[in-house]
Amino acid sequence: MDLRIDAVLALTDQLKRYEGTFVILPHPDVLDYKYAFLEQVIPALKPDAWFGSLAQFGDWWHARDRLEIDVVNVEGQQQLQLYAPVPVQGVTLQLPPDWQLGSETPDDILLETSVLYLPEVVGELRIPVEVY
């Protein structure tokens with residue numbers, strides 16, 4: 001195996017711990033060993049990685065950047081209020097460690113170790129939270 005493969009996989013394992021971004025941008029000046037590198041690294045990363053174009057990443061980041069987030073009190077119930085004027089998928093939020101999801105939280109919203117994993121957000125979404 002190419003020595004660079006081991007280094008890349010070690011780096012991506014580190015990035016995975018804090019949900020970092022990794023870009024592979026091979027320049028087309030020499031293709032043989034660069035193509036061989038991609039043939040090895042892509043299958044190794046595919047189970048845990050999203051692959052897309054720079055345009056797709058830019059579209060996602062634009063939608064994520066427009067997401068509005070607030071905490072509101074509705075009839076004594078704390079709610080995390082999100083508003084997405086542009087639909088966005090795959091958003092995660094770091095919540096305070098003493099927050100838990102309320103009992104009326106939709107099933108497709110997951111909270112693990114203070115990280116909130118959201119499905120597609122379109123328009124307004126309110127998530128009940130409880131503070132302990």
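Below, the figures for the structure above:
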| quantity | calculated |
| --- | --- |
| Filtered residue count, region 102-132, keeping only those that are under 21 Å from R64 (Cβ atoms) and assigned to a strand (DSSP E or B) | 14 |
| Unique match (being free of Cβ contacts under 8 Å to residues at least 60 places away in the same chain, aromatic (F, W, Y) and surrounded by 10 or more Cβ atoms within 10 Å (Cβ to Cβ)) among Y18, Y83 | Y83 |
| First in region 31-42 and more than 10 Å from I5 (Cβ to Cβ), second anywhere and among the hydrophobic types (A, V, I, L, M, F, W, C) and surrounded by fewer than 12 Cβ atoms within 10 Å (Cβ to Cβ), Cβ under 9 Å, 6 or more apart | I42/F51 |
| Selection from region 111-124 of residues that are among the hydrophobic types (A, V, I, L, M, F, W, C) and touching a Phe, Trp or Tyr at 6+ places or on another chain (Cβ under 8 Å) | L111 |
| Pick from region 1-15, criterion without any contact (Cβ under 8 Å) to a residue 12 or more places away in the chain and charged (D, E, K, R), ranking: farthest from K46 (Cα to Cα) | D6 |
| Per-region count, region 37-68, residues surrounded by 12 or more Cβ atoms within 10 Å (Cβ to Cβ) and more than 21 Å from K16 (Cβ to Cβ) | 4 |
| Whichever residue in region 22-77 is hydrophobic (A, V, I, L, M, F, W, C) and in contact with a strand residue (DSSP E or B) (Cβ under 8 Å, 6 or more places away or on another chain) and, among such residues, is nearest to P96 (Cα to Cα) | V71 |
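Read-outs: derived from the displayed coordinates by stated rules, not from any lab. These numbers were taken from a predicted model, which means no experiment stands behind them. Methodologically, a virtual Cβ is constructed for each residue, glycine included, from the backbone with ideal geometry; neighbour enumeration extends over all protein chains shown.
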